[in-house]
Structures are given as C-alpha cells and as structure tokens.
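Peer 1: Sharing a structure, written as structure tokens. Questions coming.
The values are calculated or read from the model by the stated rules, or taken from the named source; none is laboratory data. All values derive from a computational prediction rather than experimental measurement. Ideal geometry is used to build each Cβ from the backbone, glycine not excepted, and the neighbour counts take in all protein chains shown.
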C-alpha cells in the first residue's frame, strides 16, 4: 500500500489540525486504499522545510508558503468560502478595548509568524497604508504561531492587538472567524481596527512525489466537492464550500504574493 504524508500548517492549532487530517486520512484510506500519515507543522518555516526536504506529499498551505512551494506542486486547489476563493487580513483588538489605529504607540502586538500573510505581512502593510510604521510603533512584537494563540493573547491581556484572517470583510465575518478559532467563549469579544483587500486563499497542494493515478483521483475528488467521500472530507476538514483548481494565471498571481 502506498503511504502519503499530509502536512497541515500550525495556524489551526495542533489538536484541531490533527483531528482534521485524520478525517481526510480515513476517507482516502477507505476510497483509494492509500494510507495517509498526519503531521501538523510547528511553524510556517517548518512546513516549508518539511516539504522541500521531501517529508510531505500533500500540503495545506497559506498563500505565502504556497507561493514558495509552487515549483514542487503538480496541482494546486484553492479553498472557496462564502462563494469566493480568497480571504482578508484584519488587525483586531478586544471589543472592550479603547485601542485605535492612532493609539498603537507603545502597545504589544501578537503575530502568527513572519511567513504568515494574514497573521503578519498584510496587517503590517495595512498599517503602512494608514500612516503607521509597524517597525516603530509597537513596544513588543510577539510571534505566537497560530490564530488561536493570537486570540488567546488578546483575550488574556498579553497583547493589545493582533493579526488574523477573516473570510468576509465585515463584523459578521470577524465574528465567524473568532468563533472558528477561539470557540463560543470568544464570540463577540473582538473587533476589527482595519481589514485588508481580498487575497488568494489557502491551498491544497499535491506534490510531485504522489503517484499520478492517486494524484488524479484526489484532484477529481477535490473538484467534485461533496459528491465523493474524499471531497466531502476535505471540504469539512478545511471548512470550505468547494475547491477550485488553479489555472496558470492564478499560479502566477500566487507566486507574486511571495514578494510582499
């Protein structure tokens, strides 16, 4: 039996990530007779390194990491949520906080990591667009590794603001994301100070190490969404409506994100 390694990013948190990959692994084993082993990367750098060193066959990658791994992928599929294949970055704070963009001087910020688009790079770009220098305004920058940890740091007062992704650029979109990553206890506890334009969504990448017949079967399942057991498992695990195969123009656009 062929064995595949599927690596998740750290942004979901290890416990949730492992549970989701197990859901996918079980469906692939049942449908294709292919064993799937589970790994959740410790950081985005670890996700990149595992993949480039040949320790992954399938990867769920955020856009910045995906842009770096494109040469290793035979097929790339974007997640579609709320009818769009993209998401936004938000700079958030506690709803009860008096912090605003013009009062960030000397504050503490929680970032996911320097390779995170929504959890670092886009929020910093947003600040620059609003006339705030992210290199000078904060007293402390904390790199906490995942969106749940960003929320936790803000909720417990260890950080004043943080960067996170949102599917929709609205209060409702932020509330849904906070619930997704922080649970019911954090719902309605955060507000956005700024939200970015839409960028490419996270991607499922099928790497060159996958046997072509298996890659074809998984690719067909991904684009069939809920019409196959594998497709249903991927959409449920990654909280997507469906997946769209990237064309060449979209791959070039994704590659450009690596230069942010």
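Peer 1: Would the stretch 221-230 turn up any residue that is in a helix (DSSP H, G or I) and not assigned by TED's automatic domain parsing to the domain that holds residue 50?
Peer 2: No, the conditions are met nowhere in the stretch 221-230.
Results for (1) outside the structural domain of residue 155 (by TED's automatic domain parsing); (2) on the phi < 0 side of the Ramachandran plot; (3) surrounded by fewer than 16 Cβ atoms within 10 Å (Cβ to Cβ), shown as yes or no for each residue.
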{"position": "31", "(1), (2), (3)": "yes, yes, no"}
{"position": "34", "(1), (2), (3)": "yes, yes, no"}
{"position": "93", "(1), (2), (3)": "no, yes, no"}
{"position": "102", "(1), (2), (3)": "no, yes, yes"}
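Peer 1: Note down all Cβ pairs under 7 Å where the first residue falls in the stretch 136-148 and is free of Cβ contacts under 8 Å to residues at least 40 places away in the same chain and in the same structural domain as residue 177 (by TED's automatic domain parsing), the second is crowded, with 16+ Cβ neighbours inside 10 Å and in a helix (DSSP H, G or I), and they're at least six residues apart or on different chains.
Peer 2: Listed pairs, sorted by first residue: 142/153; 144/150; 144/153.
Peer 1: So which residues in the stretch 231-260 are part of a loop (DSSP other than H, G, I, E, B) and surrounded by fewer than 18 Cβ atoms within 10 Å (Cβ to Cβ), if there are any at all?
Peer 2: The answer is 239, 241, 247, 258, 259, 260.
Peer 1: Only one of 59, 38, 21 is surrounded by 22 or more Cβ atoms within 10 Å (Cβ to Cβ) and over 14 Å from the mean Cα position of the chain (by Cα); which?
Peer 2: The unique qualifying residue is 21.
Peer 1: Residues that are free of Cβ contacts under 8 Å to residues at least 40 places away in the same chain and over 23 Å from residue 220 (Cβ atoms): find the strands (runs of 3 or more DSSP E) completely inside the stretch 17-135 holding 1 or more of those.
Peer 2: Correct list: 35-40.
Peer 1: Count, please, the residues in the stretch 213-240 that happen to be in contact (Cβ under 8 Å) with a residue 40 or more places away in the chain and out of contact with any helix residue (DSSP H, G or I) (no Cβ under 9 Å at 6 or more places or on another chain).
Peer 2: Going through the stretch 213-240 one residue at a time, the tally reaches 2.
Peer 1: If you don't mind, there's one more thing I want to ask. Tally the residues that are closer than 20 Å to residue 197 by Cβ and at pLDDT below 95, restricting the search to the stretch 141-173.
Peer 2: Residues that pass the stated criteria total 10.
Peer 1: Mind checking whether some residue in the stretch 64-72 is buried (at least 17 other Cβ atoms within 10 Å of the Cβ), at pLDDT 85 or above, farther than 27 Å from residue 123 by Cα and in the same structural domain as residue 239 (by TED's automatic domain parsing)?
Peer 2: no
Peer 1: What are the residues in the stretch 149-159 that are in a helix (DSSP H, G or I), out of contact with any helix residue (DSSP H, G or I) (no Cβ under 8 Å at 6 or more places or on another chain) and without any contact (Cβ under 8 Å) to a residue 60 or more places away in the chain, if any? Show your work before the answer.
Peer 2: Let us first name the residues in the stretch 149-159 that are in a helix (DSSP H, G or I), namely 149-155.
Those left that are additionally out of contact with any helix residue (DSSP H, G or I) (no Cβ under 8 Å at 6 or more places or on another chain): 149, 153-154.
The one that is in a helix (DSSP H, G or I), out of contact with any helix residue (DSSP H, G or I) (no Cβ under 8 Å at 6 or more places or on another chain) and without any contact (Cβ under 8 Å) to a residue 60 or more places away in the chain: 153.
Peer 1: Given the options 207, 174, name the one that is closer than 26 Å to residue 237 by Cα, touching a residue at least 24 places away in the same chain (Cβ under 8 Å) and in the same structural domain as residue 95 (by TED's automatic domain parsing).
Peer 2: None of the other options fit; the residue is 174.
Peer 1: If residue 110 passes every condition in (1) assigned by TED's automatic domain parsing to the domain that holds residue 244; (2) surrounded by 22 or more Cβ atoms within 10 Å (Cβ to Cβ) but one, which one does it miss?
Peer 2: That leaves (1) as the condition not met.
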